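This report concerns only the one structure given below.
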Amino acid sequence: MTSAPAPSAPETCDVLVIGGGPAGSTAAALLAARGRDVVLWDKDRHPRFHIGESLLPRNLAIFDRLGVRERIHALGVFKPGAEFVDDATGEQAVFSFAAGLDRRFTHCYQVPRAAFDATLLDNARAAGARVAEETRVTDADFAGDGSATVRAQGPDGTVRTVSARFVLDATGRETLLAQKFGLKAPDKRLNTAAVYAHFRGVEARTGEHAGCITIHLVEDGWFWMIPLPDDIMSVGFVSGPAAFKSRAGSMADLLFARIAASPSVAARMRDATLVSEVTGTGNYSYRARALWGEGWMMVGDAFGFLDPVFSSGVLLAMASAEMGAEVADSWLRDPRAGRARARRMEKRLGASMDELSWLIRRINDPVMRAMFLRPRNMLRMRDGLISVLAGHFLYERPGFGLPLAAFKATYYLMSGARRLGLRNVTP
Ligand SMILES: Cc1cc2nc3c(=O)[nH]c(=O)nc-3n(C[C@H](O)[C@H](O)[C@H](O)COP(=O)(O)OP(=O)(O)OC[C@H]3O[C@@H](n4cnc5c(N)ncnc54)[C@H](O)[C@@H]3O)c2cc1C
């Protein structure tokens, strides 16, 4: 008879980061660089596959603060912009990041997430965080003073316990603390699901648009095509519940049927070969009703996730991790200051997600699609839209207010005109 391994001796730390995706690794690296004693536990062993491969220019500023920009450049595909294609007409529009309102960050990368996440985790380790992989957190108890006792199971079944002065939940879609505290709320207005896989031999864009992500807009949803190194193309289909409920066969059958039914996607995939499993992710939009509590904060997908159409997930994860690191650091100095900072961050993050969500909810709307496919630059609203696509929904936006207000006003005017039957009104 074999007995369970003996529990290891309890550890202590300033901050426990649960999860080593982009959010957890970012927060751990920043806190360790400030001299905080950080423990990071991740249930997986890296490198491992993850979806979420297209990044935004605003990410570059965070890469610089982490000191990883060169390493990301080396492992990714250069991304100069985003292309939108109308599947029915073949009409296309390319938004080059170089034409946005902020000319400091005019490109980003499309990355194999296994290598990207492993790079960020190594960076956290190098900054001094005590990282353990294959270590799954099973339980967290918070005392009245906010300090926490957290238990995890290591690779050989050993139970590990840590006493932390502050906890950052970066568990992604597992949403550990949102589940524990009953805070997770599905976003019914973004009720979409996705099916995706990697292919070789897909027709890639060339010339000045090489490396762009393409969003193919089909009648009841959209496809992404994300070029990755080694001639890999990440292809995904996103739609509402109806498209997924009506399927008769497997997820792979659904993906192949939808590719065949889309003229613009099928044309690019004539010679394509599947080189990965086909994966489905459903009901993925949610947000927790609170971002933080006594001694803890959620960062990245652990707090919330929006639909992937504007590739905002990794940026939101890393930006909220920077906020989480600031909150944890000030909390350790003075919990009152930490609470005040957490309140500010909660407001800012919520407002940024609301702004993005306004656009996402309308992506299948004919007026919004017309504005994407035939963009006008009146009051610089096209350049403002490019800035949103580049990730400028999160930060201070000098001079961005007017173009975006003009974009929204034009949308409402055109929608009103359409409702009155004036179908030929253009922005
Ligand atoms: C279909 C789809 C397409 C997407 N496309 C894009 C895109 O093109 N661009 C983009 O920017 N984003 C995209 N995203 C979003 C992106 O995947 C996420 O927003 C991003 O990975 C969030 O990072 P994170 O660090 O918060 O979470 P994750 O990357 O999910 O990391 C969470 C980590 O926590 C660990 N963990 C979980 N539970 C525990 C536990 N109990 N104990 C210890 N460790 C634990 C996991 O092992 C994991 O490593 C997409 C998402 C979906 C669903």
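The values are calculated or read from the model by the stated rules, or taken from the named source; none is laboratory data. Since this is a predicted model, take the numbers as computed values, not measurements. Don't worry about glycine lacking a Cβ; one is built from the backbone with ideal geometry, like all the others, and counts go over all protein chains shown. Accessible surface is based on the protein model in full, side chains and every heavy atom, while ligands, DNA and RNA are left aside. Shrake-Rupley method; radii C 1.70, N 1.55, O 1.52, S 1.80 Å.
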Approximate spin-label separation residue 402-residue 185, in nm, with each point projected 7 Å along Cα-to-Cβ: 3.6
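With a ≥ b ≥ c taken as the square roots of the eigenvalues of the C-alpha gyration tensor of region 42-127, please select rounded if a/c is under 1.5 and otherwise prolate if a/b is larger than b/c or oblate if it is not?
Working: a/c = 3.44, a/b = 1.61, b/c = 2.14.
Because a/c hits 1.5 or more and a/b fails to exceed b/c, region 42-127 counts as oblate.
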Out of residues 5 or more away from residue 131 or on other chains, whose amide H comes under 5 Å of its own, with H placed 1.01 Å from N in the peptide plane? 40
Span-rule helices in the chain, defined as complete DSSP H runs reaching 18 Å or more along the axis (Cα) with Kyte mean at least 0.0: 113-127, 313-333, 401-419
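Would you calculate, for the chain, the mean residue ellipticity at 222 nm contributed by helices, counting each DSSP H stretch of 4 or more residues as -39,500 (n - 2.57) and dividing by all residues, to the nearest 500? Please list the in-between numbers first.
Numbers: 13 runs with 152 residues, N = 427.
About -11000 deg cm²/dmol.
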Taking the simple approach of a point 7 Å from Cα along Cα-to-Cβ for both residue 6 and residue 114, what is their distance in nm? 3.8
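Could you give the accessible area per residue of the chain, probe 1.4 Å, as a whole number in Å²?
Working: 17760 Å² over 427 residues.
So the chain comes to 42 Å² accessible per residue, rounded to a whole number.
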Zone of residue 200 (label point 7 Å along Cα→Cβ, backbone N under 11 Å): which residues in region 253-277? 273-276
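Compute the convex hull volume of the Cα atoms of region 20-90, divide it by the residue count, and report the result per residue in Å³ as a whole number. If you can, show how the numbers build up before the last one.
Numbers: hull volume 8.8 nm³, N = 71.
Spread over its residues, the Cα hull of region 20-90 gives 124 Å³ apiece.
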So for 48, 200, what's the accessible-area order with a 1.4 Å probe, most first? 200, 48
Restricting to lysine pairs 8 or more places apart or on different chains, what number in the chain have Cα atoms under 27 Å apart? 11
May I ask for the percentage of alpha-carbon pairs in the chain that lie more than 27 Å from each other? 53
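If the only charges are +1 at each Lys and Arg Cβ and -1 at each Asp and Glu Cβ, what is the size of the charge dipole of region 56-215 around the Cα centre, to the nearest 20 debye? Before the final figure, lay out the partial values.
Numbers: 21 positive and 20 negative charges, 81 e Å.
Around 400 debye, computed over region 56-215.
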Dipole magnitude (debye, nearest 20) for the chain, charges at Cβ of Lys, Arg, Asp, Glu: 1320
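Mean shadow of region 97-164, computed from the convex hull of its alpha carbons, in nm²?
Values: hull surface 33.1 nm².
Mean projected area for region 97-164: 8.3 nm², to one decimal.
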So what is the relative contact order for the chain, in percent, with contacts set as C-alpha pairs under 8 Å and at least six apart? 21
For region 17-54 and region 326-376, distance of Cα centres in Å: 22
Using the crude model of +1 on Lys and Arg Cβ and -1 on Asp and Glu Cβ, and no other charge, please compute the dipole size for region 135-275 relative to its Cα centre, in debye to 20. 320
To the nearest Å, what is the center-to-center distance of region 158-216 and region 218-259, using C-alpha atoms only? 17
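Computing the accessible area with a 1.4 Å probe over protein heavy atoms, can you report the carbon and sulfur percentage for the chain? The partial results should precede the final answer.
Details: 9420 of 17760 Å².
Taking all protein chains in place, the chain shows 53 percent carbon and sulfur surface.
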Principal axes first, then extents: for the Cα atoms of region 237-362, list largest minus smallest coordinate on each axis, whole Å, largest first. 60, 29, 24
Put 356, 66 in order of accessible area, largest first, 1.4 Å probe: what do you get? 66, 356
